[in-house]
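Student: My questions all concern the structure below.
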(Lines give C-alpha, C1' and ligand atoms only; values in the text may rest on other atoms or scores of the structure.)
Protein backbone atom coordinates (compact mmCIF):
# COMPACT_ATOMS: atom_id res chain seq x y z
CA UNK A 1 0.00 0.00 0.00
CA UNK A 2 1.28 3.41 -0.95
CA UNK A 3 0.21 6.51 0.92
CA UNK A 4 1.11 10.05 0.16
CA UNK A 5 0.08 13.47 1.30
CA UNK A 6 0.32 16.77 -0.44
CA UNK A 7 0.21 20.10 1.28
CA UNK A 8 -0.81 23.18 -0.61
CA UNK A 9 -0.03 26.72 0.33
CA UNK A 10 -3.34 28.55 0.81
CA UNK A 11 -4.09 30.98 -1.96
CA UNK A 12 -5.85 34.20 -1.08
CA UNK A 13 -8.00 36.09 -3.50
CA UNK A 14 -10.31 39.05 -3.57
CA UNK A 15 -13.65 39.42 -5.22
CA UNK A 16 -14.56 43.06 -5.68
CA UNK A 17 -17.94 44.42 -6.75
CA UNK A 18 -18.53 48.07 -7.54
CA UNK A 19 -20.27 50.55 -9.75
CA UNK A 20 -22.77 49.92 -12.46
CA UNK A 21 -21.66 47.01 -11.92
CA UNK A 22 -18.18 45.64 -12.32
CA UNK A 23 -16.97 42.34 -10.90
CA UNK A 24 -13.32 41.44 -10.27
CA UNK A 25 -13.19 37.67 -9.73
CA UNK A 26 -11.25 35.78 -7.03
CA UNK A 27 -8.60 34.29 -9.32
CA UNK A 28 -7.78 37.51 -11.17
CA UNK A 29 -4.55 38.09 -9.28
CA UNK A 30 -3.38 34.51 -8.72
CA UNK A 31 -3.95 32.76 -12.04
CA UNK A 32 -0.26 32.51 -12.92
CA UNK A 33 -0.37 29.79 -15.57
CA UNK A 34 -3.50 30.90 -17.39
CA UNK A 35 -4.97 34.00 -18.89
CA UNK A 36 -6.37 36.32 -16.24
CA UNK A 37 -10.12 36.64 -16.20
CA UNK A 38 -11.23 40.11 -17.27
CA UNK A 39 -13.20 42.45 -15.06
CA UNK A 40 -16.76 41.97 -16.30
CA UNK A 41 -19.59 44.45 -16.49
CA UNK A 42 -23.22 43.45 -16.77
CA UNK A 43 -26.41 45.34 -17.23
CA UNK A 44 -29.04 42.74 -16.36
CA UNK A 45 -31.28 42.98 -13.33
CA UNK A 46 -32.04 40.12 -10.97
CA UNK A 47 -30.32 37.77 -8.55
CA UNK A 48 -27.00 36.26 -9.64
CA UNK A 49 -24.60 33.80 -8.04
CA UNK A 50 -21.31 35.44 -7.13
CA UNK A 51 -19.93 32.41 -5.27
CA UNK A 52 -21.58 29.01 -5.32
CA UNK A 53 -19.57 26.27 -3.68
CA UNK A 54 -20.07 23.46 -1.23
CA UNK A 55 -19.24 25.72 1.74
CA UNK A 56 -19.94 29.26 0.59
CA UNK A 57 -23.00 30.75 -1.12
CA UNK A 58 -23.01 34.43 -2.09
CA UNK A 59 -25.63 36.05 -4.30
CA UNK A 60 -25.86 39.58 -5.59
CA UNK A 61 -29.10 41.39 -6.39
CA UNK A 62 -28.73 43.81 -9.28
CA UNK A 63 -31.18 46.45 -10.42
CA UNK A 64 -31.58 50.01 -11.52
CA UNK A 65 -31.22 52.94 -9.17
CA UNK A 66 -31.95 56.66 -9.54
CA UNK A 67 -28.24 57.09 -10.34
CA UNK A 68 -27.85 54.43 -13.04
CA UNK A 69 -28.23 55.51 -16.64
CA UNK A 70 -29.18 53.87 -19.91
CA UNK A 71 -30.71 50.80 -18.28
CA UNK A 72 -27.57 49.88 -16.40
CA UNK A 73 -27.89 48.05 -13.12
CA UNK A 74 -26.04 48.34 -9.83
CA UNK A 75 -25.53 46.07 -6.86
CA UNK A 76 -28.57 46.46 -4.58
CA UNK A 77 -27.88 43.71 -2.02
CA UNK A 78 -25.53 40.85 -1.18
CA UNK A 79 -26.70 37.65 0.51
CA UNK A 80 -24.19 35.32 2.19
CA UNK A 81 -24.94 31.84 3.48
CA UNK A 82 -23.84 28.23 3.59
CA UNK A 83 -21.96 25.99 6.01
CA UNK A 84 -19.24 28.59 6.56
CA UNK A 85 -21.94 30.63 8.36
CA UNK A 86 -23.42 27.52 10.00
CA UNK A 87 -26.26 27.81 7.45
CA UNK A 88 -27.30 31.25 8.66
CA UNK A 89 -28.04 34.03 6.17
CA UNK A 90 -26.55 37.52 6.21
CA UNK A 91 -28.07 40.09 3.84
CA UNK A 92 -26.42 43.46 3.31
CA UNK A 93 -28.18 46.31 1.51
CA UNK A 94 -26.90 49.84 0.77
CA UNK A 95 -26.49 52.37 3.56
CA UNK A 96 -28.96 54.73 1.88
CA UNK A 97 -32.31 53.25 2.93
CA UNK A 98 -31.07 49.67 3.13
CA UNK A 99 -30.65 47.34 6.04
CA UNK A 100 -28.50 44.47 7.28
CA UNK A 101 -30.24 41.30 8.45
CA UNK A 102 -29.17 38.03 10.07
CA UNK A 103 -31.68 35.24 9.41
CA UNK A 104 -34.27 37.90 8.58
CA UNK A 105 -33.77 39.88 11.80
CA UNK A 106 -32.55 43.48 11.56
CA UNK A 107 -29.00 44.00 12.83
CA UNK A 108 -26.65 46.98 12.61
CA UNK A 109 -29.62 49.32 12.49
CA UNK A 110 -27.64 52.48 13.17
CA UNK A 111 -24.14 53.86 12.80
CA UNK A 112 -21.98 53.01 14.59
CA UNK A 113 -23.10 49.57 15.73
CA UNK A 114 -21.74 46.07 16.28
CA UNK A 115 -23.09 42.56 15.86
CA UNK A 116 -21.72 39.45 17.53
CA UNK A 117 -22.80 35.82 17.30
CA UNK A 118 -21.53 33.32 19.84
CA UNK A 119 -19.37 30.70 18.16
CA UNK A 120 -18.04 32.91 15.38
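Student: Any idea which residue in the stretch 41-96 is farthest from residue 108 (Cα to Cα), counting only those that are in a strand (DSSP E or B) and over 13 Å from the mean Cα position of the chain (by Cα)?
Tutor: Restricting to residues being in a strand (DSSP E or B) and over 13 Å from the mean Cα position of the chain (by Cα), the top hit is 41.
Student: A further question follows. Return the residue satisfying two criteria in turn: it lies in the stretch 71-83 and is out of contact with any strand residue (DSSP E or B) (no Cβ under 6 Å at 6 or more places or on another chain) and either buried (at least 16 other Cβ atoms within 10 Å of the Cβ) or at pLDDT below 85 (or both), and of such residues it is nearest to residue 47 (Cα to Cα).
Tutor: Step by step, filter the stretch 71-83, then rank; the result is 74.
Student: Need pairs with beta-carbon distance below 8 Å; first residue surrounded by 10 or more Cβ atoms within 10 Å (Cβ to Cβ) and within the stretch 93-104, second modelled with pLDDT of 95 or more and in a loop (DSSP other than H, G, I, E, B); sequence gap 6+ or separate chains.
Tutor: Every condition considered, the pairs that remain are 101/89; 102/88; 102/89; 103/88; 103/89.
Student: Restricting the stretch 97-114 to residues that are touching a strand residue (DSSP E or B) at 6+ places or on another chain (Cβ under 7 Å) and part of a strand (DSSP E or B), which is nearest to residue 18 (Cα to Cα)?
Tutor: Checked the stretch 97-114; the qualifying residue nearest to residue 18 (Cα to Cα) is 100.
The values are calculated or read from the model by the stated rules, or taken from the named source; none is laboratory data. Computed from a prediction, not measured in an experiment: that's the story for all the values here. Using ideal geometry, Cβ is built from the backbone for each residue, glycine included, and neighbour counts are taken over all protein chains shown.
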